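Visitor: Quick one: the structure is below, and I'll ask about it shortly.
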């Protein structure tokens with residue numbers, strides 16, 4: 001285990017941003033310049049810590065690594081238990097990676113209580129990393145809920161005109177989903193006598209127990225993903241959130257729902273998952289098709305990308321639950337891992353692309369203070385560099401080969417072919433719908449003659465924006481043409497997960 | 001069972017040590033009263049400081065002299081001293097001291113700082129201590145009345161306020177009815193068992209007849225009233241709103257410990273032979289309190305009324321702990337009560353500090369823009385509200401978790417789900433305070449009193465809420481030690 005000044009690596013990853021955030025808060029808005037630089041350095045340091053994490057990670061094993069295990073609440077047998085495997089590692093890196101552009105993008109755009117803004121994002125980063133590396137269910141829930149506080153404040157303080165409605169809806173929706181999960185977790189604890197996630201995964205449960213626990217988990221994770229029909233908080237939250245809030249929400253927070261399905265629902269209640277996989281797949285297909293049409297009808301850029309996020313996350317939830325159908329149809333588990341792989345790649349890819357698109361909208365919003373599509377037009381004439389990036393991310397969003405968007409969707413569609421032709425048929429409509437709403441957005445905003453005088457006065461990207469978008473563009477292309485490092489990292493863990501879910505947990509006799 | 005006759009025969013001065021808290025408090029109340037009477041205008045301002053010193057001395061005596069190793073019965077079985085009692089007294093002493101400390105500016109500003117205020121607070125505290133140590137129906141009644149009568153007078157303390165007088169009358173009339181019900185139930189219990197001693201009642205309550213149920217029903221009415229559980233909650237919003245804010249702070253905190261003790265002594269110990277006698281009745285009270293408290297709190301525009309309905313809802317949670325009729329539930333109820341008192345001390349402390357000097361108006365609207373006007377105070381309130389809402393990393397989360405866990409442990413799945421669902425409703429109105437503080441621009445621009453001392457105390461209060469939230473094992477270990485396994 002790698003030690004850094006007495007603290008282990010994962011603890012440092014969690015607590016460095018949180019501590020840094022609190023210090024940023026202390027530096028205060030009166031010394032905003034210092035606070036900004038300090039926060040940026042902390043977030044960069046956190047990102048740098050991901051290098052030893054990735055290098056020290058052993059791709060060949062599915063067991064948890066970098067384990068830290070301390071007694072936390074003896075009476076409840078809850079531990080301060082951190083660890084990573086191939087499922088959580090990419091998401092941790094993604095979290096650390098996406099926080100940096102968020103802070104840079106807010107450099108001059110946020111002038112209301114800047115220190116508090118930067119502090120909130122750092123604290124949020126630490127809590128999100130905590131969610132991904134908690135190996136104790138109570139610790140997981142602790143981070144999962146605590147994370148709502150900074151996001152609630154971010155949308156509420158720095159958001160748009162309807163921010164209060166949006167942030168309350170966000171908080172209460174998520175809270176409602178989570179408390180049912182808490183009941184399920186306590187039930188599992190009373191049954192197994194410990195809060196360890198691995199213990200829960202190994203615990204035999206009857207089918208009836210599994211069904212209820214599965215549904216309780218599903219409510220929590222479906223709200224977070226979000227799946228149709230509990231998605232309505234997302235467009236509101238995205239529209240009202242400040243740019244950084246939208247980026248983190250789309251890039252990381254939605255992934256927690258997917259992560260929860262992979263870490264909790266599937267391995268803890270495999271029999272109920274097999275029995276109810278039609279439910280998840282059905283809801284996912286509705287998200288892909290119906291929400292795709294909804295996205296077409298949007299006139300607000302942020303709302304359009306928000307609906308697009310729901311549709312794309314539909315691929316994650318669908319991919320995660322395809323394995324049962326594939327095994328049932330082909331009789332072997334050979335190709336079943338494709339769907340899981342696709343779900344995971346799609347999570348990382350969507351994190352990068354949706355984050356980048358929200359940053360692009362932020363760039364335009366900073367100049368014109370409007371999110372309406374009709375307020376723009378012909379941006380390419382005045383902001384050629386920006387237009388290049390925007391078009392690239394839009395193409396990635398519609399799944400152009402060579403970008404990360406292609407890999408995930410392709411894998412999931414491939415897997416759905418193996419399960420059921422009609423799944424694949426419906427899922428593949430995204431190739432048309434996704435391209436339609438994204439490219440139509442680009443056509444209306446970027447191309448054509450200059451829309452009005454205000455657009456004519458827009459200045460092209462400054463150095464900071466250029467840097468942020470270039471880094472993201474590089475990441476999108478890298479995952480698109482060379483997904484091997486990502487796939488290698490997760491492959492063994494995914495195979496292990498597949499083995500877990502194909503074994504019944506129903507006690508015999 | 002300890003034979004009361006044996007303890008009586010060996011009574012010496014040293015054997016009174018377990019009752020040191022009450023003895024010390026009673027004598028010192030007299031001393032402070034004399035001081036206050038004869039001090040005259042020039043020295044009277046010292047009464048308040050003297051009271052705080054007295055409370056500190058009593059706390060020290062409770063720990064150093066009053067601590068007991070095991071259950072000890074005194075005064076012919078009227079009085080019991082055990083670990084739980086010692087700790088609850090200590091907590092009540094600290095809660096009272098802290099609420100008096102938070103109130104000083106508020107009282108000074110309104111020229112209400114007569115010595116009677118502190119003395120009445122101390123007699124209420126004495127009532128709490130007696131109640132906590134009660135081992136006989138007589139002692140229970142003595143404690144309840146001592147506490148209630150002091151509080152009635154405190155509610156009406158601001159003689160110029162019509163609304164306070166109204167609240168006091170309501171509180172008094174309803175309280176008198178509740179006391180009547182308590183006495184009636186006790187007399188029936190005495191008629192059925194032939195004894196006032198809880199020790200003896202405990203031995204016979206398992207084999208009960210129909211009369212027992214009626215007696216218990218009357219007693220539970222009184223308990224519900226003192227705790228402020230629906231449908232005996234009518235006085236709570238009026239008193240929290242009408243009484244001077246400092247008195248509301250006092251009523252909202254330490255007496256909750258007394259109510260907890262009342263249930264522990266009367267129901268769990270005295271009538272513990274057959275919990276089925278009271279579990280169903282408490283279930284009804286708990287469910288109604290949870291629903292009504294949380295739903296009505298949403299409609300409030302006055303922060304004190306909101307906190308009153310929040311108190312009702314929280315009492316519902318505490319009662320949920322009791323209806324498990326299991327040590328795990330009592331433990332959870334104890335930790336919930338302690339957490340509630342700690343958090344409420346802080347949030348009412350903020351309300352007191354933020355209250356405008358020109359009147360009692362503490363509308364929720366007055367909190368608008370507090371985040372910009374007074375960042376520190378707003379941050380403290382943020383933490384306290386989130387804790388009451390039950391969001392980690394604050395200690396309120398753990399209090400709720402243990403209640404839910406105890407419910408599931410005793411197979412009350414439906415109640416557990418109800419509890420988490422009403423917490424979501426509850427979260428709305430706690431979040432609303434945060435919304436007003438941070439998301440809205442304020443109207444009032446008057447700066448808030450600096451009050452460095454109170455601020456530091458409030459800071460530590462909130463820090464405790466956070467620290468216990470990060471390391472809740474301290475609290476849980478304490479509650480486990482105090483309740484143990486019966």
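Visitor: If you go through the range A:190-209, how many residues are part of a helix (DSSP H, G or I) and under 26 Å from residue A:253 (Cα atoms)?
Guide: Step one: list which residues in the range A:190-209 are part of a helix (DSSP H, G or I), which gives A:190-192, A:197-202, A:207-209.
Next cut, under 26 Å from residue A:253 (Cα atoms) only: A:197-201.
Looking only at that region, the number is 5.
Visitor: Is the range B:410-424 home to any residue that is under 30 Å from residue A:181 (Cα atoms), away from every other protein chain (no Cβ under 12 Å) and part of a helix (DSSP H, G or I)?
Guide: If we filter the range B:410-424 for residues that are under 30 Å from residue A:181 (Cα atoms), which is where we start, we get B:410-424.
Add one more test, that the residue is away from every other protein chain (no Cβ under 12 Å), and what stays is none.
No - not one qualifying residue is present in the range B:410-424.
Visitor: Only one residue in B:372, B:389 is touching a residue at least 24 places away in the same chain (Cβ under 8 Å), more than 22 Å from residue A:80 (Cα to Cα), within 10 Å of chain A (Cβ to nearest Cβ) and out of contact with any helix residue (DSSP H, G or I) (no Cβ under 7 Å at 6 or more places or on another chain), so which one is that? Show your work before the answer.
Guide: Numbers: B:389 fails: out of contact with any helix residue (DSSP H, G or I) (no Cβ under 7 Å at 6 or more places or on another chain).
Of B:372, B:389, the one residue that is touching a residue at least 24 places away in the same chain (Cβ under 8 Å), more than 22 Å from residue A:80 (Cα to Cα), within 10 Å of chain A (Cβ to nearest Cβ) and out of contact with any helix residue (DSSP H, G or I) (no Cβ under 7 Å at 6 or more places or on another chain) is B:372.
Visitor: A further question follows. With the condition kept exactly as written, say whether any residue in the range A:14-36 is surrounded by 15 or more Cβ atoms within 10 Å (Cβ to Cβ), touching a strand residue (DSSP E or B) at 6+ places or on another chain (Cβ under 9 Å) and under 25 Å from residue A:189 (Cβ atoms).
Guide: yes
Visitor: What is the residue count in the range A:144-163 for residues that are more than 8 Å from every other protein chain (Cβ to nearest Cβ) and either modelled with pLDDT of 95 or more or in a helix (DSSP H, G or I) (or both)?
Guide: 6
Visitor: Would you mind telling me which numbered condition in (1) closer than 21 Å to residue B:425 by Cβ; (2) facing chain B (nearest Cβ under 9 Å); (3) crowded, with 24+ Cβ neighbours inside 10 Å residue A:170 fails?
Guide: It is condition (2) that residue A:170 fails.
Visitor: Would you confirm, using the coordinates I've provided, whether residue B:322 is under 21 Å from the mean Cα position of the chain (by Cα), without any contact (Cβ under 8 Å) to a residue 60 or more places away in the chain and within 28 Å of residue B:198 (Cα to Cα)? Write out each step before concluding.
Guide: Details: under 21 Å from the mean Cα position of the chain (by Cα): yes; without any contact (Cβ under 8 Å) to a residue 60 or more places away in the chain: yes; within 28 Å of residue B:198 (Cα to Cα): yes.
In short, yes.
Visitor: Among the candidates B:458, B:407, B:431, B:380, single out the residue that is more than 13 Å from every other protein chain (Cβ to nearest Cβ), more than 21 Å from the chain's Cα centre (by Cα) and surrounded by 21 or more Cβ atoms within 10 Å (Cβ to Cβ). I'd like the intermediate steps shown before the answer.
Guide: Working: B:458 fails: more than 21 Å from the chain's Cα centre (by Cα); B:407 fails: more than 13 Å from every other protein chain (Cβ to nearest Cβ); B:431 fails: more than 13 Å from every other protein chain (Cβ to nearest Cβ).
The match here is B:380.
Visitor: For residue A:91, which of the numbered conditions (1) touching a residue at least 40 places away in the same chain (Cβ under 8 Å); (2) within 14 Å of chain B (Cβ to nearest Cβ); (3) in contact with a helix residue (DSSP H, G or I) (Cβ under 7 Å, 6 or more places away or on another chain) fails to hold?
Guide: Failed condition: (2).
Visitor: Further question: Return only the number of the condition from (1) in contact (Cβ under 8 Å) with a residue 24 or more places away in the chain; (2) in a helix (DSSP H, G or I); (3) within 14 Å of chain B (Cβ to nearest Cβ) that residue A:72 does not satisfy.
Guide: (2)
Residues checked against (1) within 30 Å of residue A:485 (Cα to Cα); (2) buried (at least 18 other Cβ atoms within 10 Å of the Cβ):
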| position | (1), (2) |
| --- | --- |
| A:334 | yes, no |
| A:338 | yes, yes |
| A:343 | yes, yes |
| A:353 | yes, yes |
| A:363 | no, yes |
| A:372 | no, no |
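Visitor: For residues in the range B:393-404 being touching a residue at least 12 places away in the same chain (Cβ under 8 Å) and closer than 16 Å to residue B:313 by Cα, which is farthest from the chain's Cα centre (by Cα)? Walk me through it before giving the result.
Guide: Keep residues of the range B:393-404 that are touching a residue at least 12 places away in the same chain (Cβ under 8 Å), which gives B:393-400, B:402-404.
Subset that is closer than 16 Å to residue B:313 by Cα: B:396-397, B:399-400, B:403-404.
Values: B:396: 16, B:397: 19, B:399: 16, B:400: 17, B:403: 18, B:404: 21 Å.
Here the answer is B:404.
Visitor: Right, here's the next one. So which of B:53, B:57 ends up being surrounded by fewer than 18 Cβ atoms within 10 Å (Cβ to Cβ), without any contact (Cβ under 8 Å) to a residue 24 or more places away in the chain and part of a helix (DSSP H, G or I)? Even if it seems obvious, please write down each step before you answer.
Guide: On the way: B:57 fails: without any contact (Cβ under 8 Å) to a residue 24 or more places away in the chain.
That would be B:53, the only listed residue that is surrounded by fewer than 18 Cβ atoms within 10 Å (Cβ to Cβ), without any contact (Cβ under 8 Å) to a residue 24 or more places away in the chain and part of a helix (DSSP H, G or I).
Visitor: Further question on the same structure: State yes or no: is residue B:367 more than 13 Å from chain A (Cβ to nearest Cβ), over 20 Å from the mean Cα position of the chain (by Cα) and surrounded by 24 or more Cβ atoms within 10 Å (Cβ to Cβ)? Walk me through how you get there before you give the answer.
Guide: Details: more than 13 Å from chain A (Cβ to nearest Cβ): yes; over 20 Å from the mean Cα position of the chain (by Cα): yes; surrounded by 24 or more Cβ atoms within 10 Å (Cβ to Cβ): yes.
Spelling it out, residue B:367 is indeed more than 13 Å from chain A (Cβ to nearest Cβ), over 20 Å from the mean Cα position of the chain (by Cα) and surrounded by 24 or more Cβ atoms within 10 Å (Cβ to Cβ).
Visitor: Let me ask something else about it. Being in a helix (DSSP H, G or I), modelled with pLDDT of 90 or more, more than 19 Å from the chain's Cα centre (by Cα) and closer than 28 Å to residue B:247 by Cα: is that true of residue B:169 here?
Guide: Working: in a helix (DSSP H, G or I): yes; modelled with pLDDT of 90 or more: yes; more than 19 Å from the chain's Cα centre (by Cα): yes; closer than 28 Å to residue B:247 by Cα: yes.
In short, yes.
Visitor: Does at least one position in the range A:118-126 carry a residue that is under 16 Å from the mean Cα position of the chain (by Cα), crowded, with 24+ Cβ neighbours inside 10 Å and farther than 19 Å from residue A:39 by Cα?
Guide: Keep residues of the range A:118-126 that are under 16 Å from the mean Cα position of the chain (by Cα), which gives A:121, A:124-126.
Next, only the ones that are crowded, with 24+ Cβ neighbours inside 10 Å stay: A:121, A:124-126.
Right, trim to farther than 19 Å from residue A:39 by Cα and you get none.
Checking the range A:118-126: not a single residue is under 16 Å from the mean Cα position of the chain (by Cα), crowded, with 24+ Cβ neighbours inside 10 Å and farther than 19 Å from residue A:39 by Cα.
Visitor: Taking helices (runs of 4 or more DSSP H) that fall entirely within the range A:402-463, which contain at least 2 residues that are surrounded by 23 or more Cβ atoms within 10 Å (Cβ to Cβ)? Before you say what the answer is, go through the steps one by one.
Guide: Details: elements: A:404-419, A:421-445, A:453-456.
The qualifying helices (runs of 4 or more DSSP H) are A:404-419, A:421-445.
Visitor: Check B:475, B:463 and return the single one that is in a helix (DSSP H, G or I) and surrounded by 17 or more Cβ atoms within 10 Å (Cβ to Cβ). Show your work before the answer.
Guide: Details: B:463 fails: surrounded by 17 or more Cβ atoms within 10 Å (Cβ to Cβ).
Being in a helix (DSSP H, G or I) and surrounded by 17 or more Cβ atoms within 10 Å (Cβ to Cβ) holds for just one of B:475, B:463, which is B:475.
Visitor: Another one. Does residue A:218 satisfy the condition of being under 30 Å from residue B:372 (Cβ atoms) and buried (at least 23 other Cβ atoms within 10 Å of the Cβ)? Explain how you work it out, then say what you get.
Guide: Working: under 30 Å from residue B:372 (Cβ atoms): no; buried (at least 23 other Cβ atoms within 10 Å of the Cβ): yes.
Criteria not met by residue A:218.
Visitor: Among the listed residues B:143, B:77, which satisfies the condition of being crowded, with 21+ Cβ neighbours inside 10 Å and farther than 20 Å from residue B:256 by Cα? Break it down stepwise before answering.
Guide: On the way: B:143 fails: farther than 20 Å from residue B:256 by Cα.
Result: B:77 is the single residue among B:143, B:77 that is crowded, with 21+ Cβ neighbours inside 10 Å and farther than 20 Å from residue B:256 by Cα.
Visitor: Ok, one more. Please identify the pairs in which a residue from the range B:247-260 that is within 18 Å of residue B:167 (Cβ to Cβ) has its Cβ atom under 9 Å from the Cβ atom of a residue that is assigned to a loop (DSSP other than H, G, I, E, B), counting only partners at least 6 apart or on another chain.
Guide: B:247/B:157; B:247/B:158; B:250/B:243; B:251/B:243
Visitor: Report yes if some residue within the range A:195-203 is within 14 Å of chain B (Cβ to nearest Cβ) and over 18 Å from residue B:409 (Cα atoms); otherwise report no.
Guide: No, because not a single residue in the range A:195-203 is within 14 Å of chain B (Cβ to nearest Cβ) and over 18 Å from residue B:409 (Cα atoms).
Visitor: Would you confirm whether or not the range A:51-68 contains a residue that is in a helix (DSSP H, G or I), closer than 30 Å to residue B:401 by Cα and touching a helix residue (DSSP H, G or I) at 6+ places or on another chain (Cβ under 9 Å)? Can you show your working first?
Guide: Taking the range A:51-68 as the starting set, the residues that turn out to be in a helix (DSSP H, G or I) are A:51-56.
Restricting the remaining residues to those that are closer than 30 Å to residue B:401 by Cα gives none.
No, the range A:51-68 has no match at all.
Visitor: Of the conditions (1) more than 9 Å from chain A (Cβ to nearest Cβ); (2) closer than 21 Å to residue B:313 by Cβ; (3) at pLDDT 90 or above, residue B:467 clears all except one; give me its number.
Guide: The failed condition is (2).
Visitor: Hey, another quick one. Considering every residue within the range A:68-75, establish whether at least one is within 25 Å of the chain's Cα centre (by Cα) and modelled with pLDDT under 90. Lay out the reasoning, then the answer.
Guide: Within the range A:68-75, the subset within 25 Å of the chain's Cα centre (by Cα) is A:68.
After this cut, where a residue has to be modelled with pLDDT under 90 as well, the list is A:68.
The answer is yes, given that some residue of the range A:68-75 is within 25 Å of the chain's Cα centre (by Cα) and modelled with pLDDT under 90.
Visitor: List every residue pair whose Cβ atoms sit under 6 Å apart, with the two residues 6 or more apart in sequence or on different chains, where the first one lies in the range B:106-118 and is modelled with pLDDT under 75 and the second, anywhere, is part of a helix (DSSP H, G or I) and crowded, with 20+ Cβ neighbours inside 10 Å.
Guide: B:113/B:107
Visitor: Test residue A:370 against the stated conditions and say whether it is outside any helix (DSSP H, G or I), closer than 18 Å to residue A:302 by Cβ and either modelled with pLDDT of 85 or more or over 25 Å from the mean Cα position of the chain (by Cα) (or both).
Guide: Values: outside any helix (DSSP H, G or I): yes; closer than 18 Å to residue A:302 by Cβ: yes; either modelled with pLDDT of 85 or more or over 25 Å from the mean Cα position of the chain (by Cα) (or both): yes.
Considered against the rule, which asks whether it is outside any helix (DSSP H, G or I), closer than 18 Å to residue A:302 by Cβ and either modelled with pLDDT of 85 or more or over 25 Å from the mean Cα position of the chain (by Cα) (or both), residue A:370 comes out as yes.
Visitor: Can I ask one more? Can you work out which of the residues in the range A:129-139 that are assigned to a helix (DSSP H, G or I), away from chain B (no Cβ under 11 Å) and touching a strand residue (DSSP E or B) at 6+ places or on another chain (Cβ under 9 Å) is farthest from residue A:25 (Cα to Cα)?
Guide: Of the range A:129-139, the ones assigned to a helix (DSSP H, G or I) are A:129-133, A:137-139.
Checking the rest, the ones that are also away from chain B (no Cβ under 11 Å) come to A:129, A:131-133, A:137.
With the extra rule that they be touching a strand residue (DSSP E or B) at 6+ places or on another chain (Cβ under 9 Å), the set shrinks to A:132-133, A:137.
Details: A:132: 25, A:133: 25, A:137: 30 Å.
So, considering only residues that are assigned to a helix (DSSP H, G or I), away from chain B (no Cβ under 11 Å) and touching a strand residue (DSSP E or B) at 6+ places or on another chain (Cβ under 9 Å), the one farthest from residue A:25 (Cα to Cα) is A:137.
The values are calculated or read from the model by the stated rules, or taken from the named source; none is laboratory data. None of these values were measured; they are calculated from a predicted model. In this analysis, Cβ positions are derived from the backbone assuming ideal geometry, glycine residues included, and neighbour counts consider all displayed protein chains.
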